[in-house]
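Everything on this sheet refers to the single structure shown next.
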Amino acid sequence: MQTFTIEVFIPDELRQQFEARLKAHGGNTGHYVQEVIAKDLFSMSDYSRQQLIDATFEEIDRKYGEALHNLAK
């Protein structure tokens, strides 16, 4: 196992949500961050799933851009 030292900035508008999730994980910040990173890495290891996620975000971005363009008219 490799150990990393990191600094994480939680924006004020997300602090309450972060504190609630941290509390649900027993208040152990290190354990919570490890779980989040592991979950993220695991989901990215499934190539077809990651392609679907990427395509979904690209479509959302396209529709959002289209909506902004229509609002600007």
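Here, each number is a calculation from the coordinates, and none is a lab measurement. Please read all numbers here as calculations on a predicted model, not as lab measurements. Cβ sites come from the backbone with ideal geometry, for glycine too, and all protein chains shown count toward neighbours.
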| remark: The answer for the net charge of residues other than H69 whose Cβ lies under 14 angstrom from its Cβ, with Lys and Arg +1 and Asp and Glu -1, is +1
| message | Of the listed values [x] 1.12; [y] 1.02; [z] 0.93, identify the label whose number matches Rg/Rh (Cα atoms, Kirkwood Rh) calculated from this model. | response | [x]
| Cα-projected label distance for T29 with I10, points at 7 Å along beta-carbon direction, nm | 0.8 nm
| message | Can you show me the helix-derived [θ] at 222 nm for the chain, built from DSSP H runs with n ≥ 4 at -39,500 (n - 2.57) apiece and divided by the number of residues, rounded to the nearest 500. | response | -25500 deg cm²/dmol
| said: Please compute the modelled spin-label separation between D61 and K73, points set 7 Å along Cα→Cβ, answer in nm with one decimal. | reply: 2.4 nm
